[in-house]
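The structure under discussion appears below in the form of structure tokens.
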Amino acid sequence: MKLATYIKQHNEGKRDFAKTVIRLSDNIQYEKSYKHVEKYNIDESFPVYKYNKIIRKPILNKPIDYISVRVRSLKEVHAKYAYTLHLSKLNNYDINDEENMRMVETIHSELSAIGLAYDVYEFGKVTLDMFPRHSEILEECLKVVHSVLPEIKAERKRLFEQADNAITKVLNDILPKVDLAKSEKEIVKYINAALATRSYREFNREDGTKFINRNGKSYYVSVDNMKMKPKQFIAPKVLKIDFADLNQHQQDFAKKLLELIQTEFDEGENANFIYDKDGYIIGIKKRHFANRMGIKESNFKNLLARIQAKYQDYRNKYFG
């Protein structure tokens, strides 16, 4: 069936395109190859360890397969957290002191020595009887990693389901907007671009995190970690506003802005604040508050900047 026909039937309620793509994403067939990787210490000329990295090339036969591959890629990135969450705690120390290697690295290296490679979440398939000889260090690494694999798999499954929900929402929203007169290549390109742009925002909504991109640094903050203490008047400190030396227009603006900010803060409306990586408020979404005040965004920013400049001048004058 042509891709345009499939999407048309989805939009008419006759088929579920999103469900089909997600099912295909879970059953992609790959051609596997291996890339030899060597890891070096900064001050050493010989590798600390070597291993074979799995390279997977998806087998694609139909246009819809190219969309399912994009979906699978998005899901894998989202679910990567499943094993880093648990293994990062265990990998805070070097279990293989002689070679300065951590558990996962040790297992990868030992597998490579017998010509095998597995992803971390596949380590359940790795057993000691696969190795002609093995050290006590490898035995300990496998014991520890196997102990957390059930948690990793459960978390991975949960995150895959979470990603499926988010991707379904994105697809159901964008499919009616697809120009079905375009070529299949152009349709695939449009859908994949929209998925790449919008899926991460939906992931954030699904798992209760906010994506922050500030001053060239990107990070996620859990809503649970956002420091939203009711009735704590944070706005003047965060915005660096003081009423000293403000003219009447600036005072009226600052007072109204602080009242609006405080109201949203006290009501726990966190969407329009900017947070640092520890969850502390460090700014506001200026466009939002400009709209709330009925002011053009550029005028809002300029007026706020002049008020903040006066605050900084005051700080420099009296505190150096």
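Structural remarks
- Beta carbons closer than 7 Å, at least 6 apart along the sequence or on distinct chains, pair a first residue in the stretch 129-140 that is open to solvent by 60 Å² or more (accessible area, probe 1.4 Å) with a second that is at pLDDT 90 or above and not polar (S, T, N, Q) for 134/128; 139/128.
- Every listed requirement among (1) exposed (fewer than 13 other Cβ atoms within 10 Å of the Cβ); (2) at pLDDT below 90 is met by residue 125 save one, (2).
- Residue within the stretch 182-203 that is over 24 Å from residue 7 (Cβ atoms) and without any contact (Cβ under 8 Å) to a residue 24 or more places away in the chain present: no
- The requirement of being exposed (fewer than 13 other Cβ atoms within 10 Å of the Cβ), assigned to a helix (DSSP H, G or I) and either modelled with pLDDT of 90 or more or on the phi < 0 side of the Ramachandran plot (or both) is fulfilled nowhere in the stretch 267-282; no residue meets it.
- Filter pass, residue 296 being more than 26 Å from the chain's Cα centre (by Cα), farther than 27 Å from residue 201 by Cβ and among the basic types (Lys, Arg): no
- When the stretch 246-266 is limited to residues that are polar (S, T, N, Q) and more than 29 Å from residue 205 (Cα to Cα), the one that is surrounded by the fewest Cβ atoms within 10 Å (Cβ to Cβ) turns out to be 248.
The values are calculated or read from the model by the stated rules, or taken from the named source; none is laboratory data. None of the values given here were measured: they were computed from a predicted structure. Note that we place each Cβ from the backbone using ideal geometry, even for glycine, and neighbour counts take in every protein chain shown. What goes into the accessible areas is simple: the full protein's heavy atoms, side chains included, and nothing from ligands, DNA or RNA. Shrake-Rupley method; radii C 1.70, N 1.55, O 1.52, S 1.80 Å.
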